[in-house]
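**Q** Sharing a structure with you now.
The values are calculated or read from the model by the stated rules, or taken from the named source; none is laboratory data. No experiment lies behind these values; they were computed from the predicted model shown. A quick note on method: Cβ atoms are made from the backbone with ideal geometry, for glycine too, and the neighbour counts reach across all protein chains shown.
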Amino acid sequence: MSVDAATVRRIAHLARIAVADDEVEHLRGEINAILAFVEQLSEVNVDGVEPMISVTPMTMVQRADEVTDGGIADQIVRNAPAAQDHYFTVPKVIE
Amino acid sequence: MTELTGLSIASAREGLQKKQFSALDLTNAHLAAMEKARSLNAFVLETPEQARAMAQASDARISSGSAGPLEGIPLGIKDLFCTKDVRSTACSRILGDFVPTYDSTVTSHLWRDGAVMLGKLNNDEFAMGSSNETSVFGPVVNPWRRRGSNVGAGASGGIEGTHLVPGGSSGGSAAAVAARLCLGATATDTGGSIRQPAAFTGTVGLKPTYGRCSRWGIVAFASSLDQAGPIARTVRDAAILTRSMAGHDPKDSTCANLPVPNYEDAIGKSVKGMRIGIPKEYRLDGMPAEIEKLWSQGIEWLKGAGAEMVDVSLPHTKYALPAYYIVAPAEASSNLARYDGVRYGLREAGRDITATYENTRAKGFGPEVRRRVMIGTYVLSAGYYDAYYLRAQKVRTLIKKDFEDCFKSGVHAMLTPATPSAAFGIGEKSGADPVEMYLNDVFTVTVNMAGLPGISVPAGLDGQGLPLGLQLIGRPFDEETLFSLGQVIEDAAGAFAPQTWWS
């Protein structure tokens, strides 16, 4: 399988990465090189094989449903590019 | 004072206990070495004031008889680990000047045990790379040079040779340990990022079993593969560091709730009667004769120590790397979705929120990260999920089963080369085809896919005078056997140190 320019643009948009027109062809080549490389997996017989869910056997543990952390709004917004009164601020989302 | 930087962790620990020098002396010697080695670009942030304060606190604890197992030992920390109030960037522009308000569990274990932080170490951006060339801070220079090279030494006359990469992604960790800028370092391994740089720099690197160390507070790349571990100059030092780094953490649900053995006890333990698997699929076509020779040498050393060699087969080995390049980018695309310019790091404004996300991520991610996030997005997208991601996870089950079958047949560990070549030159493998770089991890990536422990131990020099490593692969949570076997190789091969040309 290989991708065309329109697919590269669609992937970039899904990944929320702006791609300039002059980058598309280059990216297409690189992505296709990787896809060609992983193509060999199609020769493996995976009939009846379970997909891996967890690499080591582990049981999910549960804990009591209680607050273990909090009251640290100052710390949470400390690295924000823009914040106001303990809120993250972003460009207008709803018109 | 310079000789203090040449100590092993074990001997520094002894010297501190016997008050032959203070923790502050030891830290100062390393800070001075770091200053002279800036041309290697191993550290992306030096923290001398914090280091001295921590060393003084160590001296006080040594005096009062309350020293921890790593008391006063100066370490470098890969910049993928969050460190409280100290900039942590994953060597990406998108994290900018991110200053965590918390420590990763692994680093907090080190400080609990008395270690001293010298600074933050360079790595490939988000740990995506095998040469440390994708870091926003620029490449790390391997302290090793090809025989006859005078590059970087300020030699008058013609410069011979090029600087070499230290491997990656933990290139800063490996270079700093090899160049004696710290006694040990933290590192992480998703497809070979501890073992490959260790092999390229003549150092010891352990990737523990998945779940042995907590991933909490370590910048995530591929969560089902990522594992933290140490890089050190001796097998014993790696064992000492692993004991402190490992351990249960309720904040990481994949972190094993198992007691942490005193790994140092495994050093010097007899390997007599152990069955060591030699996987035939690791004998690649066109493998350099030197790698082949190194491997045979390793087999002889282990035989000499009383271990028994067994030919084994891991039939799905060749599919590990392609499966990895689906699974790892898929998980990365999901993990890296958090970098949206809202809560931390870089923000590049756009006309609306979507354009802000897109501009931020275009500017903040380097080319390799962008490429992997896009691949991951593609293989997870509607219509392709089954063909790529689901198939890769099934292949992963088969890869793991290969190992399980061998271990079930009575094999205790396996011996393989660590890398298909010695260190290469900066820029030599950054051509148009990213796959060329990916092939570096051909011997290491299977171990991550199966969640097993693996160690790279320096075993010799190639014809150019560059270090090569052997890899030992163990059963889940049996790091101890790897330390015992690794010590046999170290005892036979000796230690390897680069000439100091940079200071």
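**Q** Can you confirm whether region B:312-324 contains a residue that is small (G, A, S), crowded, with 17+ Cβ neighbours inside 10 Å and within 9 Å of chain A (Cβ to nearest Cβ)? Give the derivation first.
**A** So the first thing to find is which residues in region B:312-324 are small (G, A, S), and the list is B:313, B:320, B:323.
Checking which are crowded, with 17+ Cβ neighbours inside 10 Å leaves us with B:320, B:323.
Narrowing the set further to residues that are within 9 Å of chain A (Cβ to nearest Cβ) leaves B:323.
The answer is yes, given that some residue of region B:312-324 is small (G, A, S), crowded, with 17+ Cβ neighbours inside 10 Å and within 9 Å of chain A (Cβ to nearest Cβ).
**Q** Please go through region B:354-401 and give me each residue that is under 27 Å from B:S430 (Cβ atoms), within 7 Å of chain A (Cβ to nearest Cβ) and without any contact (Cβ under 8 Å) to a residue 60 or more places away in the chain, ordered by number.
**A** Within region B:354-401, B:E358, B:N359, B:A362, B:R370, B:V373, B:M374, B:I375, B:T377, B:Y378 qualify.
**Q** Pick from B:A90, B:A29, B:A53, B:A33: which is more than 30 Å from B:F126 (Cα to Cα) and at pLDDT 95 or above? Outline the logic, then answer.
**A** Details: B:A90 fails: more than 30 Å from B:F126 (Cα to Cα); B:A53 fails: more than 30 Å from B:F126 (Cα to Cα); B:A33 fails: more than 30 Å from B:F126 (Cα to Cα).
On inspection, the qualifying residue turns out to be B:A29.
**Q** Within region B:465-473, can one find any residue that is surrounded by fewer than 21 Cβ atoms within 10 Å (Cβ to Cβ) and at pLDDT 95 or above?
**A** For region B:465-473, residues surrounded by fewer than 21 Cβ atoms within 10 Å (Cβ to Cβ) and at pLDDT 95 or above: present.
**Q** Those residues that are more than 28 Å from B:C82 (Cβ to Cβ) and among the β-branched types (V, I, T), I need them from region A:34-58; list them, please.
**A** Scanning region A:34-58 gives A:I34, A:V38, A:V44, A:V46, A:V49.
**Q** Find all pairs meeting these conditions: Cβ atoms under 7 angstrom apart; at least six residues apart or on different chains; first residue within region B:56-77 and under 12 Å from B:Q17 (Cα atoms) and free of Cβ contacts under 8 Å to residues at least 60 places away in the same chain; second residue among the aromatic types (F, W, Y) and part of a loop (DSSP other than H, G, I, E, B).
**A** Cβ pairs passing all conditions: none.
**Q** Can I ask one more? Restricting attention to region B:89-114, report how many residues are touching a helix residue (DSSP H, G or I) at 6+ places or on another chain (Cβ under 7 Å) and of a type outside the set (D, E).
**A** 11
**Q** Would region B:1-24 turn up any residue that is buried (at least 16 other Cβ atoms within 10 Å of the Cβ) and of a type in the set (D, E)?
**A** The answer is no, given that none of the residues of region B:1-24 is buried (at least 16 other Cβ atoms within 10 Å of the Cβ) and of a type in the set (D, E).
**Q** I'd like to verify a number: residues in region B:1-28 that are more than 25 Å from B:D85 (Cβ to Cβ), free of Cβ contacts under 8 Å to residues at least 40 places away in the same chain and not polar (S, T, N, Q), how many?
**A** 8
**Q** Which one of the conditions (1) out of contact with any Phe, Trp or Tyr (no Cβ under 9 Å at 6 or more places or on another chain); (2) free of Cβ contacts under 8 Å to residues at least 12 places away in the same chain; (3) among the basic types (K, R) does B:R343 fail to meet, given that it meets all the rest?
**A** Unmet condition: (1).
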